[in-house]
There are 2 protein chains.
Amino acid sequence: MQAAPGDGAEWLDAVAWNGDGLVPVIAQEADSGQVLMLAWMNRDALRRTVELGEAVYWSRSRGRLWHKGETSGHVQHVEEVRLDCDGDALLLTVRQAGGIACHTGRHRCFFQRLDGVSGGWESVEPVLKAPEAIYGE
Amino acid sequence: MQAAPGDGAEWLDAVAWNGDGLVPVIAQEADSGQVLMLAWMNRDALRRTVELGEAVYWSRSRGRLWHKGETSGHVQHVEEVRLDCDGDALLLTVRQAGGIACHTGRHRCFFQRLDGVSGGWESVEPVLKAPEAIYGE
């Protein structure tokens, strides 16, 4: 008998959830290989992600499940889920709808680069769409 | 006057350290684009990483700074450091000495892939070098 992930709990038990029941999750873009963002999942978020085939995170600021793209339409289609050696980090391979992962309207959240000359963080990725246009005023 | 990162504290203050004074750090391989691992840094670890040009993490299990490769020789040469939109995650672009990032002797720590058919995690990356040969018996 074959069991789809979600039927059983074993694959969820293999994750080393932290004291808050969360695990950090890296979203990497399938085609470009770019790391888009880091977010968090709880057990329910991971199960729903796998069932839905779209990234569902746990929003620590809002204290609830967050189906990414629920407002913006910028969902992440999940192609692969990986767990690391210690079981305490996940890696998703995703296709990013709209080409925008960041709430600032940028392609990715990692847009600040440390500059060795100025000694500060410099924004090095353009805003593709104004947040007001994504989320409304 | 130019200030190298490390001289001042402003760039370190920009990081949203968590309650334990840590931030999650993704190490991505420069050439392949593969995500090698996720680890943690405190303020001192990040400053030393930038000064040294090699990844220095905070080992949560050992409760001390961990200059990656100090035992194995598998240091990570850091080419770029990025901070995300909320300031609570870092992304390093690295060159992995020895081609082995994982303490299991694999290229990367994310070697367990969720299999939709079996419903479990499957190891999909080979051990390149036995841990005993890396760390000694």
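Quick look at the numbers
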quantity: Segment A:56-95 - residue that is of a type in the set (D, E) and under 26 Å from B:G120 (Cα atoms) and, of those, surrounded by the fewest Cβ atoms within 10 Å (Cβ to Cβ); calculated: A:E79
quantity: Residue that is modelled with the lowest pLDDT [pool: residues in segment A:2-36 that are within 10 Å of chain B (Cβ to nearest Cβ) and at positive phi]; calculated: A:G6
quantity: Tabulated pairs, segment A:106-135, first closer than 20 Å to B:A9 by Cα and within 8 Å of chain B (Cβ to nearest Cβ), second assigned to a strand (DSSP E or B) and of a type in the set (G, A, S), C-beta under 6 angstrom, 6+ apart or interchain; calculated: A:Q112/A:S123
quantity: Members of segment B:27-40 that are assigned to a strand (DSSP E or B) and in contact with a Lys or Arg (Cβ under 9 Å, 6 or more places away or on another chain); calculated: B:A27, B:E29, B:V35, B:L36, B:M37, B:A39, B:W40
quantity: Residue under evaluation A:V81, criteria (1) out of contact with any His (no Cβ under 8 Å at 6 or more places or on another chain); (2) without any contact (Cβ under 8 Å) to a residue 60 or more places away in the chain; (3) at the interface with chain B (Cβ under 7 Å from one of its Cβ atoms); (4) assigned to a loop (DSSP other than H, G, I, E, B), criterion not met; calculated: (4)
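The values are calculated or read from the model by the stated rules, or taken from the named source; none is laboratory data. Computed from a predicted model, the values in this text were never measured in an experiment. Methodologically, a virtual Cβ is constructed for each residue, glycine included, from the backbone with ideal geometry; neighbour enumeration extends over all protein chains shown.
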